[in-house]
Amino acid sequence: MRKFSLVDKTWGEYKILLIRYGSDGVWEPAWQALQHSDKWSWIRLQMLPINDGDLWENAMHGYPLPLIRILKTPPKISISRCPDTQTSCKHDKVCPSYNSVSCHFHTLKAPLCFEVFEGDNSLRHVLHVIRDAWLEGRYILLVPDTFEENAP
């Protein structure tokens, strides 16, 4: 996983969270819990797989416009697509400041103590990384590990 930005003179800065996968289609080890989770599959639909080497090379060498043009849903909209049934806070029964309106995965202003209820520790960690990335305005891209990583 790597964070960086693509900058275009006309369109501005686009923040990226990069996740790599191998030739067998398996994601980086820290991300495999999400890759194999059926319950959180809606998140995978918000990610953008990049398989075009030329598109990637151009973006990495100062011409990001073709890649920028194919970016999907803006990150802060992606987070709002979370199904309500999966978003409760782990601490909803014990937290004195729990609020049924703001203590959800998809809420842009969830308190700092918010913790995803579902899954094991590795899945919860990945979900928090994704949530934080979307709140920062980062697009999540999946790229083969064969692509060069000479990001700006």
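Just one of the numbered conditions (1) outside any helix (DSSP H, G or I); (2) out of contact with any helix residue (DSSP H, G or I) (no Cβ under 7 Å at 6 or more places or on another chain); (3) closer than 27 Å to Pro144 by Cβ is not true of Lys109: (3). For Leu108, state whether it is touching a Lys or Arg at 6+ places or on another chain (Cβ under 7 Å) and either surrounded by fewer than 12 Cβ atoms within 10 Å (Cβ to Cβ) or over 13 Å from Val143 (Cβ atoms) (or both). Yes: the conditions hold for Leu108. Right, Asp24: at pLDDT 85 or above, under 22 Å from Pro144 (Cα atoms), charged (D, E, K, R) and surrounded by fewer than 15 Cβ atoms within 10 Å (Cβ to Cβ) or not? Answer is yes for this residue.
Here segment 72-89 is the region considered, the condition is being of a type outside the set (Val, Ile, Thr) and either more than 13 Å from the chain's Cα centre (by Cα) or part of a strand (DSSP E or B) (or both), and the residue that is modelled with the highest pLDDT is Cys89.
Would you be able to say whether some residue in segment 90-98 is within 17 Å of Val126 (Cβ to Cβ) and either outside any helix (DSSP H, G or I) or among the acidic types (Asp, Glu) (or both)? Scanning segment 90-98, I find at least one residue that is within 17 Å of Val126 (Cβ to Cβ) and either outside any helix (DSSP H, G or I) or among the acidic types (Asp, Glu) (or both), so the answer is yes. In segment 93-118, the residues that are closer than 15 Å to Val129 by Cα reach residues that are part of a strand (DSSP E or B) with C-beta atoms within less than 6 angstrom, at least six apart or across chains, in these pairs: Phe114/Cys89; Phe117/Ser88.
How many residues are under 18 Å from Asp132 (Cα atoms) and surrounded by 12 or more Cβ atoms within 10 Å (Cβ to Cβ) when one looks only at segment 36-58? Total meeting the criteria: 7.
Is it true that Leu34 is modelled with pLDDT of 85 or more and not in a strand (DSSP E or B)? The answer is yes for Leu34. If you check Ile70, Ile79 for being of a type in the set (Val, Ile, Thr), closer than 26 Å to Asp120 by Cα and either surrounded by 16 or more Cβ atoms within 10 Å (Cβ to Cβ) or out of contact with any Ser or Thr (no Cβ under 6 Å at 6 or more places or on another chain) (or both), only one passes: Ile79. Can you tell me which residues in segment 122-148 are closer than 16 Å to Leu67 by Cα and more than 10 Å from the chain's Cα centre (by Cα)? Scanning segment 122-148 gives Val143, Pro144, Phe147, Glu148. Screening Asn51 on (1) in contact with an Asp or Glu (Cβ under 8 Å, 6 or more places away or on another chain); (2) of a type outside the set (A, V, I, L, M, F, W, C); (3) in contact (Cβ under 8 Å) with a residue 60 or more places away in the chain; (4) outside any helix (DSSP H, G or I) shows it passes everything except condition (1).
The values are calculated or read from the model by the stated rules, or taken from the named source; none is laboratory data. Computed from a predicted structure; not experimentally measured. Note that we place each Cβ from the backbone using ideal geometry, even for glycine, and neighbour counts take in every protein chain shown.
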